[in-house]
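Worksheet for the structure shown next.
Bear in mind that the values in this text are calculations on the coordinates, not laboratory data. Small disclaimer: the values here were computed from a predicted structure and weren't measured. Methodologically, a virtual Cβ is constructed for each residue, glycine included, from the backbone with ideal geometry; neighbour enumeration extends over all protein chains shown.
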Amino acid sequence: MKRRNSVWLLACLGALACTGPAAESSDPVAAGDAVAPVTAEAPGPAAGSSLDPSPYADLEGSVVVDGSSTVFPITEKVAALFESLAPTASVSVGVSGTGGGFEKFCQGQIDITGASRPIKTAEAERCEATGIRPVELPLAFDGLSVVVHGDNGWCSCLTVDELARIWHPDAEDRLLRWRQLRPEWPDEPIRLYGPGRDSGTFDYFTRAILGTEGESRNDFVGSEDDYLLAQDISKDPGALGFFGHAYYHEHRDRLNLVAIDGGAGCVVPDVEAIGAGRYRPLSRPVFLYVAAAALDRPAVSRFVDLYLSQARYLAPEMRYVPLPEGAYELARQRLTRRLIGSVFDGGSQVGVSIERLLELERRGTAPASAPGGDGGAR
Amino acid sequence: MNSETPNGVPGGDGLRGLSIRQKLLGAFGVDLTLMALLGAFALMQMGAMNETASRVGTQTIPSMRNIDQIRDLIWEYRSLQLAHLVQGNAADHARLERSMATVEARMADSFARQRAYLGTDADRETFSDVHRAWVIYTDHNHSRFLPASRSTNTGSVQPASSRLNPLYERLEGAVERLTRMNEQQAQDAMAAVQATYRTSRRFIFVDTLVSLVLSAVVGLGLAATLSRRLGRLTSATRAVAAGDLERRVDLAGGDEVALLASDFDRMVESLRDQHATLQLRNEELRQSLEQQQRLTRDLVLRKESEEAADRARARAEASNSAKSLFLATMSHELRTPLNAILGYAQLLKLETDQRGEGRMGADLGRIQAAGKHLRALIDNLLDFSKIEQGKMELEVLRVEVAALAEEVVEIVRPLAIERRNQLRLRLEGNADLGTLHSDAGKVRQVLFNLLSNAVKFTEGGEITLTVARRTDAGGDRLTFRVADTGIGIESRHLERIFEPFRQADSSIHRRFGGTGLGLVVSRQLAEMLGGGIEVDSEPGVGSEFTVDLPAVIPGLEAPRPRSPHVPGPRPMSTRTMSHVRS
């Protein structure tokens, strides 16, 4: 019942993507929905027609990408597309979590890192210390999804307070059964799964639910590999976990999505709710951070370019909500101008809507005339 | 005895009627059938076991080996993938990918082999699960894992690899199912073989047991029966040998022993019969011997008595002869003076008649009559003694029978008239009675005697002389029948009247007078003439004397004197004619 509901909602999501304000062209989204997501050669008619392989033909060298597992599915697609366009160049895509990605990024080990939250001040400082200058590129909005096992018939909606009760450090070794959450729920053990502490998703979740980044009980199964989390949850009837919506979508036949009541009723993270900012507080933007120095390498530059041009097609395919076209344009400007730093205050920002993001971006990008280029949004 | 069936035909009583041979053959046949059944069953079961075993050998085991190989290949593939993740350079990636292609090719071979081992639909379905999972897995490998792996080298986690887990699990699960199915088949085969073995064992056990029990029952039963029956036969044989011929074996059933027993019984029976016959013969022999002894003794006795009788007869004849001689001499001596008395009385009478002295004439007449009577007595006596002495001579003449009869009747007629009797003569055969070749005087004397006798005992009655001639087996004969209506004779006296010096009743003698010799002489005369006299009488009604004489006296050429015979009481019925045939 729950699952069918989810499927219906997803169908709605697809439909909204066609008609929603974010969709300029319905074709790519529809095509992306229907076509197998694996085939890099067919990212979408619009994309394919607009792509001219010639600029990629002679690209050499490598592009090293790492970071968030939430961003990974999109990156993987782009990398495949890129490799098909630029056979002589190579792309390496790793997953280390947002935090892990920033660590490598700031050490100069990688060119690009994916992030499911804005760079933290400490991370920015570390990069600055090593001379790495990050260029922040917003990619899409993700509805951080809370999931339970596919056979869980009772937990279809949770309030933020309940989530906070569950994940609060005080609940460690205490809140262990579903009945403790709501008396009408069965007296079954509740087992928690979540991204590891290197994960931006973990950071965002704790910030959004508990108020403090990284504050959580510790008796949960954690991994930066959301595939493993999804697989574990799908095998544990008492499981409760969370990760990027893309992973729910990929495992939707074995998992149930839990609606979140942020004070205005239960809301599932579909395109409409996210786009309308109703899926609160777990809607969040995801980013790509590129080392400014790496952009001097044509391969990296071309890869990021391709990434930005394909993001709006690939994001819906991964069940992320693409940004308004203006946002990508602003991002491209930041890239061109190699604007360093984040438009955010550092770290997870809860309750940022698309409009707010766009506004922040505009604001962050607008003082492009500002000298030095290091006039971040600070 | 009847209950036995001597022919050995099996009776209606089942096995008891069967012969030993039939029983043995039957038991042997049943055993043989059981053995054949056992053989067929064992063959069948072994065939089934062999089939199962060969299926295990040719399908299950190779299939298991092949599945192991498939599993190994999956592992190899998996390790190649991991190596691919770990290795960072393109050359290693290419090498590993070539190895993967090799594994895929080997897997295709294994799959092709496995298809040959698929027996059931379930097999095929499970195998196709494996195949499908493998295809999906390798597809994913090529389409997503390898591209991702080729480009992955810095991440702390390996989502590309993690992503494969469900597919790998699916593949592994399918292989596991295939393995379990194969193991199940092996176990099923084993269970089938074991079940077959158990069934066979039970069947063989039961069959053998039945055979043994049957053989034992038949053998022991037959032996016991046989020995018991033979024992009975033996004891009967001994008993019979010891002489008990009443002993019987009486064995029921139709086997050979029963036949032997029944034969034995019949033999004993026959022996008994022969024995009885022998005893009978013995007895007869003994009796015959006794009789012979008795006869011998009798013979001796009779001989002795005959000799005594002969002697007595000789003595009697001698004395009789002396008496007869005395009588004859005496009669002759008496006749002479009597004749003289009569002659003189005649003369006196003639004189007195001439003188007319009537009173004297009557007395003289009485003297004369008495004298005549006396002379008649003497004559008779003389005749009798002549006859007794055998001195009576026959004077054979040829006379007319009718004339003779008339003459006699006429002689008697005065006497009859005197006693107011009617005297008749009846001549049968138209009075043509022919002649008689005999001693007419004696015939006349006989007839006279009889007629005068009849007259004497009849008064105012009727006397008839009937003469007839007939020819029968005895030759040409004449019958003179004198019938009267006189006083008759009581039947108890009939036998005596022909005895010398007797009359029927002593009172009669006194009333009628007579010497009593008349009938005796008459019979003797008739017998001399070759005939006889028969009497039939009823007191108060009358008497009938019949004289039967041959027309011709036999042995006339040499008339011989009749052998003297002591007259005595003879066994004679009242109706039997008393002849003396010489």
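Between residue B:122 and residue A:182, the FRET efficiency estimated from the beta carbon spacing at R0 = 30 angstrom works out to 0.10.
Modelled label-to-label distance, residue B:31 and residue B:256, 7 Å Cα→beta-carbon offset: nm? About 1.7 nm, to one decimal.
Of the chymotrypsin sites (Phe, Trp or Tyr not before Pro) found in region A:111-180, those that fall in a DSSP loop while having at most 16 other beta-carbon atoms within 10 Å are A:154.
Neighbour counts of other Cβ atoms within 10 Å put B:386, A:77 in the fewest-to-most order B:386, A:77. The stretch between residue A:336 and residue A:60 holds 97.3 nm of extra length on full extension. This uses 0.36 nm per residue minus the Cα-Cα distance. Taking a ≥ b ≥ c as the square roots of the eigenvalues of the Cα gyration tensor, region B:333-392 is prolate, since a/c reaches 1.5 or more and a/b is larger than b/c.
Using the Cβ-Cβ distance between residue B:291 and residue B:437 with R0 set to 51 Å, the FRET efficiency from 1/(1 + (r/R0)^6) comes to roughly 0.50. Under the criterion of Cα pairs below 8 Å and six or more residues apart, the relative contact order for region B:231-308 equals 19 percent. Label-to-label distance for residue B:309 and residue B:468 is 3.7 nm, based on points extended 7 Å past Cα in the beta-carbon direction. Taking the C-alpha atoms only, the angle from helix B:61-86 to the longest principal axis of chain B is near 10 degrees. The GluC sites (Glu not before Pro) of region A:144-192 that DSSP puts in a loop, and whose beta carbon has at most 13 other beta carbons within 10 Å, are A:184. With both labels modelled 7 Å from their Cα along Cα-to-Cβ, the residue B:205 to residue B:132 distance reads 4.9 nm. In this structure the amide hydrogen of residue B:488, modeled in the peptide plane, comes within under 5 Å of the amide hydrogens of B:540, B:542, B:543, none closer than 5 places in sequence on its chain. Extension gain for residue B:108 to residue B:369 (0.36 nm times residue separation, less C-alpha to C-alpha distance): 75.0 nm.
Principal-axis analysis of the Cα atoms of chain B puts helix B:90-117 at an angle of about 10° to the longest axis.
Is the C-alpha gyration tensor of the protein assembly as shown telling us rounded, prolate or oblate? Criteria: a/c under 1.5 is rounded; beyond that, a/b larger than b/c is prolate, otherwise oblate. Prolate.
Compared with the dominant principal axis of the Cα atoms in chain B, helix B:440-456 is inclined by about 90°. Under 5 Å between amide hydrogens, built in the peptide plane, is the criterion, and for residue B:397 it picks out B:438, B:439, B:440 among residues at least 5 positions away or on other chains.
Using only side-chain charges placed at the Cβ, +1 for Lys and Arg and -1 for Asp and Glu, the dipole size of region A:146-202 relative to its Cα centre rounds to 20 debye. Taking chymotrypsin sites (Phe, Trp or Tyr not before Pro) across region B:107-207, none is in a DSSP loop with at most 11 further Cβ atoms lying within 10 angstrom of its Cβ.
What FRET efficiency would be calculated for the residue pair residue B:410, residue B:333, taking the C-beta separation as r and a Förster radius of 22 Å, to the nearest 0.05? That gives a FRET efficiency of 0.10.
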